[in-house]
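Here's the structure, in structure tokens; my notes come after.
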Amino acid sequence: MTLAQFQDRIGDAAARKSPLRLRGGGSKDFYGNPPHGEVLDTRAYAGIVDYEPSELVLTARCGTPLGEVERVLDESGQCLPFEPPHFGAATFGGCVAAGLSGPRRAAAGALRDFVLGVKLVDGRGRALDFGGRVMKNVAGYDVSRLVAGSLGTLGLIAEASLKVLPRPRYERTLRLELALPQALEAMNRWAGEPLPVSATAWHEGILHVRLSGSEAAVRAALARIGGESADAGALWREVREHTHPFFARREALWRMALPSSAAPLALEGPQLVEWNGALRWLKSDRSDATVRAIARQAGGHATLFRAEEKSAGAFQPLEAVQLRLHRALKRAFDPAGILNPGRMYAEL
């Protein structure tokens, strides 16, 4: 499929006011509210458009398999520093549209921090370019980062340019036995020190800490933090891809974004804590209203990440001003409201 064919398909759907379901590999179908509409498969529009390792920038089309992008980067000793989850046959465009980051996010930054530019096909079928392929061209309204995490509700991300980084030269993982309050205190303390902590994960009284960087820096941090060395080759992949045993439980899975220093929550259910305490995964049968109210009281918000039933909505309800802004953006990019309608909020 060509870019012009995407434009024609979306323009025709807009004229008929017929909803379209933008879809790559389908690995994130569970995320957000249930998708609906006629499927527009992006996988045929694939390929790495431009990659110059010395410039630390990669540009690829939306249907390019995420695994292919990572293999090409790995051959040059580079990586996507935010460690995006795949959850299956992920595509490059779906990765940007979902906006999800993995274990390294607290140290390296979120996916949207690495988006330099996008080619977007909006709800009128127009091909629009935002940002650029080098840092100096990124100026003006940062629409390219706005669409990261928008789940295709503002347009089809036909191409994207991302900043990449060298793969860490040396990594080690430590294992410490700590209750959650002590683990939260330790993670926040280490975050304020010049330590090469690249990931943390606490579950059932065990805190794993990954250190990445030069061998000298990592060895100094090992001595500073203490604990036991852990053979964690598969652990970080399991946490990223949700194949860790914690995620296999039957209860609804909540993704809670909180201040890293927030105290343990008064919620029953097993937890897995990442990002120095700022990301708390919770398995719970408590009501949506209860979980979200407690997250709000703690200064954050809660997303119903995986569940059989999402009638209350996957994402925390918007305040009036936020909803007005979201509606204005939706009208500007998709006036007919045909692109992944309701995927983020029922009102959109």
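The values are calculated or read from the model by the stated rules, or taken from the named source; none is laboratory data. From a predicted model like this one, the values you see are computed outputs, not experimental measurements. A quick note on method: Cβ atoms are made from the backbone with ideal geometry, for glycine too, and the neighbour counts reach across all protein chains shown. Calculation scope for accessible area: heavy atoms of the full protein, side chains included, ligands and nucleic acids excluded. Shrake-Rupley method; radii C 1.70, N 1.55, O 1.52, S 1.80 Å.
Just the accessible area per residue of the range 251-348, please: how many Å² with a 1.4 Å probe? Intermediate results must be reported in sequence, preceding the final value.
Numbers: 4350 Å² over 98 residues.
Counting only protein heavy atoms, the per-residue value for the range 251-348 is 44 Å².
Sort Phe305, Phe30 by heavy-atom solvent-accessible area, probe 1.4 angstrom, most to least. Don't jump to the answer; show the numbers that get you there.
Details: Phe305 0, Phe30 50 Å².
Final ranking, largest accessible area leading: Phe30, Phe305.
Give me the distance between the Cα centres of the range 1-64 and the range 239-275, rounded to whole Å.
Distance between centres, Cα-based: 31 Å.
Enumerate the residues in the range 232-275 having an amide nitrogen under 13 Å from the point lying 7 Å beyond the Cα of Asp113 toward its Cβ.
275
Looking at the chain as a GNM with Cα springs under 10 Å, which of Lys310, Lys28, Lys119 has the largest mean-square fluctuation?
Maximum fluctuation in the GNM of the chain, among the listed residues, is at Lys310.
So how much accessible area does Arg61 have, in Å² to the nearest 10, using a 1.4 Å probe?
Rounded to the nearest 10, that gives 80 Å².
Residue by residue through the range 53-65, which ³J(HN,Hα) values in whole Hz follow from phi under the Karplus form 6.51 cos²θ - 1.76 cosθ + 1.60 (θ = phi - 60°), with glycine and proline marked x?
Once rounded to whole Hz, the list reads x, 5, 8, 6, 9, 10, 10, 9, 7, 4, x, 5, x.
Count the net charge of all other residues whose Cβ sits under 9 Å from the Cβ of Pro35, scoring Lys and Arg as +1 and Asp and Glu as -1. Show your work: numbers first, answer last.
Working: positive: Arg21, Arg23, Arg343; negative: Asp29.
That works out to +2.
Suppose R0 equals 25 Å; then what is the FRET efficiency for Asp29 and Thr2 from their Cβ-Cβ distance, rounded to the nearest 0.05? Write down the numbers at each step before the final one.
Working: r = 25 Å, r/R0 = 1.01.
Using R0 = 25 Å, I get an efficiency of 0.50.
Going 7 Å from the Cα of Glu309 in the Cα-to-Cβ direction, what parts of the range 28-49 have a backbone nitrogen less than 18 Å from that spot?
Output list for this probe position: 33-34.
Between Val49 and Leu128, what is the spin-label point distance in nm, taking each point 7 Å from the Cα along the Cα→C-beta axis?
1.6 nm
Please sort by residue number the chymotrypsin sites (Phe, Trp or Tyr not before Pro) in the range 88-178 whose DSSP state is loop and whose Cβ has at most 12 other Cβ atoms within 10 Å.
Values: sites: Phe92, Phe114, Phe130, Tyr141, Tyr170; in loops: Tyr141.
Of the chymotrypsin sites (Phe, Trp or Tyr not before Pro), the ones in loops of the range 88-178 whose Cβ has at most 12 other Cβ atoms within 10 Å are Tyr141.
Counting pairs on different chains as well as pairs 8 or more places apart, how many Lys pairs in the chain have Cα atoms under 20 Å apart? Mind showing how you got there, number by number?
On the way: Lys17/Lys330; Lys28/Lys283; Lys28/Lys310; Lys119/Lys136; Lys119/Lys163; Lys119/Lys330; Lys136/Lys163; Lys283/Lys310.
For the chain, the number of qualifying lysine pairs is 8.
Calculate, for Ser287 and Glu193, the FRET efficiency according to 1/(1 + (r/R0)^6) with r their C-beta to C-beta distance and R0 30 Å; round to the nearest 0.05. Don't jump to the answer; show the numbers that get you there.
Details: r = 40 Å, r/R0 = 1.32.
Given R0 = 30 Å and the Cβ-Cβ separation, E is 0.15.
If I fit a long axis through the Cα atoms of helix 66-75 and take the longest principal axis of the Cα atoms of the chain, what angle between them do I get, 0 to 90°, rounded to 10?
Long axis of 66-75 versus the principal axis of the chain: about 60 degrees.
Compare the Cα positions of Ala108, Leu267, Gln5 along the charge dipole of the chain (+1 at Cβ of Lys, Arg; -1 at Cβ of Asp, Glu; about the Cα centre) and return the one farthest towards the positive end.
Gln5
Just need the Rg to Rh number for the chain, please, alpha carbons only, Kirkwood Rh.
Numbers: Rg = 20.6 Å, Rh = 21.1 Å.
Ratio value, two decimals: 0.97.
With angles folded into 0 to 90 degrees, how steeply does helix 288-297 sit against the dominant principal axis of the chain? Use alpha carbons for both and round to 10.
60 degrees
With each run of n ≥ 4 DSSP H residues scored as -39500 (n - 2.57), what mean residue ellipticity at 222 nm is computed for the chain after dividing by its residue count and rounding to the nearest 500 deg cm²/dmol?
Values: 10 runs with 93 residues, N = 348.
Here the helix-only value at 222 nm equals -7500 deg cm²/dmol.
Dipole magnitude of the chain about its Cα centre, charges +1 at Lys/Arg Cβ and -1 at Asp/Glu Cβ only, in debye to the nearest 20? Could you put the intermediate results ahead of the total?
Working: 44 positive and 38 negative charges, 143 e Å.
In debye, rounded to 20, the chain gives about 680.
So if the hydrodynamic radius of the range 262-348 is defined as the Kirkwood radius over C-alpha pairs, what does Stokes-Einstein give as its diffusion coefficient at 37 °C and 0.692 mPa s, in µm² per second? Please report the intermediate quantities before stating the final value.
Values: Rh = 14.8 Å.
The diffusion coefficient I find is 223 µm²/s.
Residue separation times 0.36 nm, minus the C-alpha to C-alpha distance between Ala223 and Glu251: what's the value?
Values: separation 28, 0.36 × 28 = 10.08 nm, distance 3.90 nm.
So the chain would gain 6.2 nm between Ala223 and Glu251.
Can you work out the Karplus-derived ³J(HN,Hα) for every residue in the range 168-184? Use 6.51 cos²θ - 1.76 cosθ + 1.60 with θ = phi - 60°, whole Hz, and x for glycine or proline.
Couplings: x, 6, 9, 9, 9, 10, 10, 10, 10, 8, 8, 5, 4, x, 5, 5, 5 Hz.
When you take every Cα atom in the range 149-290, what is the radius of gyration, and what is Dmax, the widest Cα pair distance, in Å?
So, for the range 149-290, Rg and Dmax equal 17.0, 49 Å respectively.
Could you give me D for the range 49-103, from Stokes-Einstein at 10 °C and 1.306 mPa s, where the hydrodynamic radius is the Kirkwood radius over C-alpha pairs? Units µm² s⁻¹, please. Can you show the working numbers first?
Numbers: Rh = 11.5 Å.
Answer from the Stokes-Einstein relation: 138 µm²/s.
Taking the full set of protein chains and a 1.4 angstrom probe, give the accessible area of Trp236 in square angstrom, rounded to the nearest 10.
The accessible area of Trp236 comes to roughly 20 Å².
Name the most mobile residue of Arg21, Arg224, Arg145, meaning the one with the largest mean-square fluctuation, in a Gaussian network model of the chain with Cα contacts below 10 Å.
Top of the fluctuation ranking is Arg224.
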